[in-house]
Amino acid sequence: MEMISHHSSGRRKLVYISIMIALLAVTIVARGVVAMPSGVKDTAGHWSIQQQSERLELSEMSQGDVELSGAAVRLLLTGSRGIVVCGLWISAQEKQKRQEWNELDLTVKSVLKLQPHFIIPWLFQSWNLAYNVSVQMDNLNDMYYYIARGIGLLAEGESINRNSPDMRYEIAFYYQNKFSVSDKVTTLRCLLQLSCIPKEERDYRKLLKGGEVDTVAFQAFCEKHPQLIRRMRETLIRYGRDEQGEDLIMYLAVKPRDVVDFLRDNEVLPNRFNEINPRVLETNRLKQFPVLPPAFYTGEAEELNPNRPIGDGEASALRAARAWFRYANEVVPENPKDSQEVGIPGFSPVNYRDPERKRRMPRRPMLIIFRQGPARAQTYVAEQLSKEGWIDRSPWNVDEFVDVGQRWFKNQIEIKPTANAQEEWERAYKKWWDHGRDTGLNLTTAELHAYQRRAELYANKYGFRVGERLEPLRPSDQRDPALKDSYEANTALIARARNLHVTNYESFLHQADAEKDPLMARARKLLFEAERAYRNPITRSESVDKYLQVLGTQEKMGLWGELLLKHFRTRSPLQKDGLLQTASSGQKEKILEETYEYQIRFMRLIRDYNRPKLQLANLTLFDILRAGSPGGAASAYHLATCDRLLQTLNLPALNAVDPFFPPGPFDGVDPDNNLWVPDVVKMQVRMNMGLIKSQPMPSGPRGALPKRPGVGPG
Amino acid sequence: MASPLLGVMEYDPNAPSWKDVFFERDGSIGGLAQSWLQDAGGFAAVGLLVWVIYVLATPSPAVAGSRRKLISKFMAVTGVLALITYLVWAGFVVTTNIEKKQRYEAAGVTSEQQQQIEKQEREQGKQRLREKMEQGVDPRSFAERWRERTLAIAGLFALLAVCEPFFLDFARLRWRRIFALAKLSFKEAVRRRVVWVFLLFLIVILFPTSWFLPRSAKPEDALKATINVNSTLMTVMLIATALLLAGFSIPTDVKNQTIHTIVTKPVERFEVVMGRFLGYLTLLTIALVALTGVSLLFIFTSNISPKAIEESRKARVVVYGKLEFLKERFQNRQRESKAFEGIDVGKEYSYRHFIAGGPLTTHRAIWSFTDPSELKRLAELPAVPMQFAFDVYRTTKGVENKGIECTFEMTTWKWDAAREDEYVKEYSAANQKSNDVEKAELLNAIAEKYGRYDHKNFPIHDYHTYTLNVPTGLIRNAISESPATESLLKNQRGSAYLQIKLKCESPSQFIGVAEYDLYFLESEGNFWLNYFKGAIGLWCRLAIVIGLAVAASTYLAGVVSFLIALFLFLGGYFQDFLRSVASDTNVGGGPFESFHRLVKGQTSAGELDKTPTVQASLFGDEIYRWLLNRFLNVVPDAERFTWSNYLVQGFSIRPDFILLNLLFLVAYMLPWAVLAYYLMRSREIAA
C-alpha cells in the first residue's frame, strides 16, 4: 500500500514538473523572448507579446520616456494603485481649497507619477497650476513660478506620452495665452526674458557701483537686452481709474534703478540654466524654462530649441508657442494633397487610425484650427513686436520724447533692434500662405473652377447647386468613378467654405499681407511715435505732426488713407493675384475700427493740445461781451471777477464734450465717394471706448462686430 | 492642521489646552474629562451589562458557584449607583426635551422649522456654545447643564465597576515578568524579516524628495517638501510594520501553541498583553529614533537652498495674541469701536477673515497680548521681532510688482489718547533721522515713553513671511507696572497689556488674517531637537496602533485583528467626514439617502419628496448615524498626533503640548487596556 502511494506521489510530481516545463516553453514562445526558426518566425513573432507590444506601442519605452522612480512606486503599490491615486487626488483638491500650494504641487506630482499614461490628469493639473493656482499669487514672481510649473508639468507628461497632439497643443496654448492676453502680461514677459538670460549676466550687483547705478554697465546691459529694457521703460500699464475716471498708468521702469531693483527682486526664478553651473544650459530639457520641444526639424535656427541659447530678439513665449504648435502638427493626420501638391480641402477625418501609430486626431480644437497654430502664433509674434515699438529695422532712441531730467543717459543712445515686426509679418504672411496651400483654403481661381467643374456632374444628377448640399455617397454611386470624383469635389468645396468660415483664414492672410507693406510699417511707426510723444507735454506738437502725417485731414489724405485704399478696398493685391475670391470682411472691419479709434484719439489730442488757446479765446470773448453789455464793466475790478468766475464755470463745460467730436479725417468719403468708416463701426468703437453706453445697433450689414484683437493703439 | 502660508502655523482654533481638560471655557467644572467619562463610561456600562448577563445566564454549577467571585460587592454597588445615575440622567433628558418643546411652541415654530433649527444646532451649536462660554456666559439651562454632569457621573460609576478587577489585578503585575515577555516579543519581531524589509525600503525613500520628485517645490519650499514626504512615508511604513507585528502576535502564539508554555507559568494573563505591547513598542521606538536620525542626517547633508534653510530649518518659539475684528472710526477726536466678525470674501476655505482696505477704512484686525509673563520674556530681547504672513484678496489689479500696504498701530494699556499730538510730533521727528541707529534708539525711547509704536505703509504679498522689529521699549512700557484689571485694554476676549492694530491702506484690496498669522518671535530653538520632538507624534500613533492590534488579537484571529486596528486607525484620518455624516451635516445625507438619490438620479442638494421610500431611507440613516456616533467614540484622533506641520513651518513644539497629547493618548488607551484584560481573561487558552 505504501509502495503504491509512493509511486503515485512520484508520478504526480513528474506530471507537475512536465506541465511547468511545457508552460514555461509556451510562455517563452508567446512572449517572443527567443528567436524562432524561419518557418514559424513570422506567424509566431507577429502574435508574440513582445512584437504586439512594440507594434501597438504598449510598452513603457514605446510610449515615451521611462520614469524609473514612478515605475518602482507603481510596482510597490501592486493592486492598490487606484485607491492611492483616488486618495491623492482628493487630497490635492483639499490642499488647493486650503491654499497649501507647495503641498498641492507635490501631491499632484505624485498622482501623475502613479498614472503617467492618463492624459487627462496631466492636462487638468497643469491647467490648474498655470491658471487657477497662479492667479492666487499676489507676487508676480510667484505667479510666474506657478505658470512655469503648469507648463513644465505638461511638458513632462508629454515626454512620457509621446505623440500626444493634445498635450503639445495645450503647452503651446498656455504659452500663447498666459503671455499675450492674460493680466499683468508686461511683467510676465519680462520675467520670461530673464529666464533666458544666464544668471551671471542678469546679476544686479554688476550694474551697481558704490550703491549707485553704473551707467556704463547699465548701457551695455540695455544694448544687449533692448526688448526687455524697452518693454520696462515704454510699455504703458493701466491698473485702474482714479476718482475722476482717468486711467491710472505706470511703467515698470521710470529710472535705471527700477531696472536694477527688478533684477534684484527676480533674481531667483525658473530658468534655462544648470543649477550647479548656471553658465551652461541645463542638459535635461524638461528642467529648463521656457521648456521647449526637442529639435525636431532640420533647420536649427528656425525654431527655439533646448540646445541653443535664446537671445533678446527671440526670448518670447510666443516663439515658444510657435515651436510647440509646430511640434504638435507633426503628430496629427496629414492633409491629403492632389497631384500638384496642393492640399485638398476636407473635413476632420472620422475614426482615423494611423497604421504606424505616429499620428493621432486631437481631442480639440477641430483639426483645421489645430493646423493653423504656428501661423497664428507667428502673427502674435509680429503684433507684439509692433506694439512694443520694434516696427522696422530702425534703432531705438532710449531717451526720445523724454524730458532732460528723466533721461537715462547723458548722450543720445540708439540701440539696434534684435527683431522687428516687419520681418516677422513677412514670415507670418509666408506661414499663412503655406498653411492655406497645404490645407486647400487658399486656392487660385483656376483651381477653384476646376473643383466646381468636377462637382457639377454630381450636383446636376441630384438637382442642387454646386457646394450646396452635403450628403453621404450613395452605394450605387460608388461604383461610378466619375460620379465618385464629382462627389468628392463637391464635398471639398463645402469643406473649404466651412473651414474658411471657422478659421477666419482670409482675414489673417490679408492682415499679414497689409502689415508687411513698408508703407504700413511707416504708418505704424509714426503712430507709435505720436503716442510716445503725446505722453510728454513738451513734445505734443511733434505728436500732432506725426498724427497728421498718418491720418491726414479731410482735405488731404494721409498715409492711412492710402493704406486703406490699397489693402482694404476692392483693389486688394491678393484679389488681383486671383486668390481669395471672397471678400475678407473680418479684416476690413477690424482695420476700420482701428482707423476710427485712431481718429478719436487724434481728435482728443487736438482738443487737449488746443485747449489753453480755446479757453483763452473763450474767456476773452466772454469778457468783451460782458464789458460791452450795459453797466457790465464799469470797473476793472468787476471785469477781473468775471474772468475768474468764467474760468471756474467754463472748465468743466469744456471737459464735458467727450461724446462730441468735430469731423475728423475719416468722417467724410473716400475718392470713390464711399464712406471711409460706416456709422455702425463708429458706434461700435465709441461703445468699446466707453464714450457712449451700449444701445441697440442701427441696422447695417452686420449685427455684432468682432472685438478688435489688439493691433493698434490701446 | 494645515499650512497654507509660509512661516505661519494654522492651528485648530478650538484646540484644547490644559485648562480645557477639567474646566469649561467659562471656568466651570467639566471639560474634556467630563466628555471622556461620558464616552468611556457609556462603553463601560454596556460592558458591565454584558458581563452581568453573561454571569447570570451561565447555567453551569461550577460557574454559578463562582458568580459571587465574578461580580464583587464593589462592582455590584457601583453598578447600581451607575444605574440610578443613568435614570436621573434620563430624567434630565426628558426635562430638557419638554423645555425645548415649550420654547418652540411659545415661539410658534413649525415642525419643519424645528428640524431646520436642530440641523443648524448640530452644525454650529458646539462652536456657538464655546464662543459664548469664552465670554463668560453659559446659555444652557440648569437641566441641560446637569444632564451633561449626571451622564459623566454615571459613566464614572460604570467605569469604577468595570475597572475594579482590572485595577486589583494590576497590583499583581510584576515589571520583571513583563520585561521578560517584552524582551521575548522584541527578539521574535527582530527574527521576523518583515521588519527589516520595511526598514530597508524606508532608508531608501528617506533621501531628499528632490531626488524622486525633482522640481516639485519652489526652492524655498524644498525642505518643507522633504519633511512632508519623509513624515508621510515613515508613518505609512512604520504603521504597516506595527500592524503586522502586533496583529498577528498572540494569534500566532495560540496557533503554534507556544502560548501554553507561558500561561502555564505563574504569569498574569494581562502581563502577556503588556509584554507584547511594550516589546513591539520598544522595537518600533528604536526604529523610529534611528530613522529620524537618518532622515535628519540627509537633511543636514543634502544640498538645500539657503532660502529653504532660512524659511524652515528652525524652531521658532513664539508668543501669540488673541484676535478680534473692529470697525473703528473717529468722532470728534474720539475713537468709536464696534466689534464684527471680519469679512468673508467668498473663499471656499474660511479659516481667515478679511478686512477692507483704504485710507479711510474703519476695519481693523486687533491682536491682544494678555499674558504679562510672556511679555516679560520678550522685554529681555534687544529688539522684538514681530513676524506675520497674511492672505491678500484683490478686487482690482493694483500696481504691478507692488504689495498691499499695511499699517500697524501698537499700543499698551498705558497709552493716553490725549497725548496723541505730542506723540505724533515726536514720532515724525524721529522718523526724519537719517542715521538708522539713532532713529531706532529714538523710536525705542518714544515707544517706552508713550506706550505706542506705529509702523506705516508696510508693503506685503501673500504667501510670504515678513519680520518687523518692534522696539523693546514698547514691551517694557506694557509691563513696567502692575495695573489694576480695569485699567487694562478691554476687548471681547479679555484684558490686554498690549494690542496691535492692523489696517490695510490699499484701497479696494482686502487682507485676510487669522489669530496665528501674527506673533512675536521669542527665540529660535534647536531644529534637530524639534525634529525628534516631532517624531513623538508618530510614536503616539504607533502606540495606538500596537495597542489596538494587541487588544483585538487577544480574542480575534490575526487577520481580523490587523484589519480592525487598520480600520479604526484610518478612521482617525477621516474624522471630519465621519462627524459630518454622523451629525447629518454632509451634502447628500446618509448612505440610504445617498443610495436613493443615486438610483433616482437626483442631485445631492435637491429637496426630496416625502414618499414612503424616502421616509424609510431617512429612518435607516437615523439608525446608521446613531451607530456611527458610537463608532466615532472608539476611533482614535490620529490627526491630533500629526505634528509634522510644526517641523515644516519651523515652529518649536512646546513641552506642555507634548504632555497634553500624551495624556490624551493614555486616556484613549485605557479603555482598550481594560477590554484586552477582560478578553484575555475570558479566553480559554489552556483548555
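Straight-line cross-link partners of A:Lys682 among the aspartates and glutamates, defined as a Cα under 19 Å from its Cα and at least 8 positions apart when in the same chain: A:Glu589, A:Glu593, A:Glu594, A:Glu597, A:Asp658, A:Asp667, A:Asp670.
How high is the relative contact order of chain B, given as a whole-number percent (alpha carbon pairs under 8 Å, six or more residues apart)? Normalised by residue count, the contact order of chain B is 19 percent.
When only Cα pairs below 8 angstrom with a gap of at least 6 residues are kept, the range A:407-539 shows a relative contact order of 31 percent.
Given a 1.4 Å probe and the protein chains all in place, what does the accessible area of B:Asp609 round to, in Å² to the nearest 10? Using a 1.4 Å probe on the heavy atoms, I get roughly 100 Å².
The dipole here belongs to the range A:113-190: it is taken about the Cα centre, uses +1 on the Cβ of Lys and Arg and -1 on the Cβ of Asp and Glu, and is about 140 debye. The alpha carbon centroids of the range B:236-291 and the range A:416-475 are separated by 80 Å. In terms of overall dimensions, the range A:410-503 has a Cα radius of gyration and Dmax of 22.0, 84 angstrom. For the range A:185-226, what does the alpha-carbon gyration tensor say about shape, rounded, prolate or oblate, given a ≥ b ≥ c as the root eigenvalues, a/c under 1.5 as rounded, and a/b over b/c as prolate? Prolate is the answer for the range A:185-226, as a/c is 1.5 or above and a/b outweighs b/c. Dividing the summed helix terms, -39500 (n - 2.57) for each DSSP H run of n ≥ 4, by the number of residues in the protein assembly as shown produces a 222 nm estimate of -18500 deg cm²/dmol to the nearest 500.
For the range A:80-181, the square roots of the Cα gyration tensor eigenvalues, ordered a ≥ b ≥ c, give a/c of at least 1.5 with a/b no greater than b/c, which places it in the oblate category. Computed from the Cβ-Cβ distance with R0 of 45 Å, the FRET efficiency linking A:Ile538 to B:Lys307 stands at 0.45.
In summary, the lysines within cross-link reach of B:Lys402, defined as a Cα separation below 25 angstrom excluding same-chain residues under 8 places away, comprise A:Lys178, A:Lys184, A:Lys199, A:Lys206, A:Lys255, A:Lys387, B:Lys218, B:Lys307, B:Lys347, B:Lys456, B:Lys501, B:Lys503.
Our summary gives the range B:432-544 a relative contact order of 17 percent, counting only alpha carbon pairs under 8 angstrom and 6 or more residues apart. Highest average first, the peptides A:305-316, B:376-387, B:546-557 ordered by how many other beta carbon atoms sit within 10 Å of their residues are B:546-557, A:305-316, B:376-387. Rounded to the nearest 10 degrees, the inclination of helix B:175-191 to the longest alpha-carbon principal axis of chain B is 80 degrees.
Only the Cβ atoms of Lys and Arg (+1) and of Asp and Glu (-1) were treated as charged; on that basis the dipole of the range A:316-356 about its Cα centre amounts to roughly 300 debye. Considering only A:Gly467, A:Gly436, A:Ala482, and ranking their Cα positions along the charge dipole of the range A:435-482 that arises from unit charges at the beta-carbon of Lys, Arg, Asp and Glu, the one farthest toward the positive end is A:Ala482. Within a straight-line Cα-Cα reach of under 20 Å, B:Lys433 can be paired with the following aspartates and glutamates, leaving aside sequence neighbours fewer than 8 residues apart in one chain: B:Asp421, B:Glu422, B:Glu441, B:Glu448, B:Asp454.
Think of the protein assembly as shown as having a plus end and a minus end, set by charges on the Cβ of Lys, Arg, Asp and Glu; of A:His46, B:Tyr573, A:Phe118, A:His46 sits farthest toward the positive end of this dipole. Between chain B and chain A, the total buried accessible area stands at approximately 3400 Å², from heavy atoms with a 1.4 Å probe. When the protein assembly as shown is described by a simple charge dipole with +1 on each Lys and Arg Cβ and -1 on each Asp and Glu Cβ, the residue from A:Met687, A:Ser18, A:Asn305 located farthest towards its positive end is A:Ser18. If you sort the three axes of the alpha carbon gyration tensor as a ≥ b ≥ c, you get a/c of 1.5 or more for the protein assembly as shown and a/b no higher than b/c, which makes it oblate. Inter-chain neighbour count for A:105-113: the average number of beta-carbon atoms from partner chains within 10 Å of each residue's beta-carbon is 4.
Sorting B:343-356, A:144-157 by average packing, meaning the other beta carbons within 10 Å per residue, from highest down gives A:144-157, B:343-356. Within 10 Å of the Cβ of each residue in B:458-466, the mean number of Cβ atoms contributed by other protein chains is 3.
For the peptide B:390-402, the mean number of other protein chain Cβ atoms found within 10 angstrom of a residue's Cβ is 5.
The values are calculated or read from the model by the stated rules, or taken from the named source; none is laboratory data. All values derive from a computational prediction rather than experimental measurement. Don't worry about glycine lacking a Cβ; one is built from the backbone with ideal geometry, like all the others, and counts go over all protein chains shown. The protein model used for the area step is the full one, side chains on, heavy atoms only, and it has no ligands, DNA or RNA in it. Shrake-Rupley method; radii C 1.70, N 1.55, O 1.52, S 1.80 Å.
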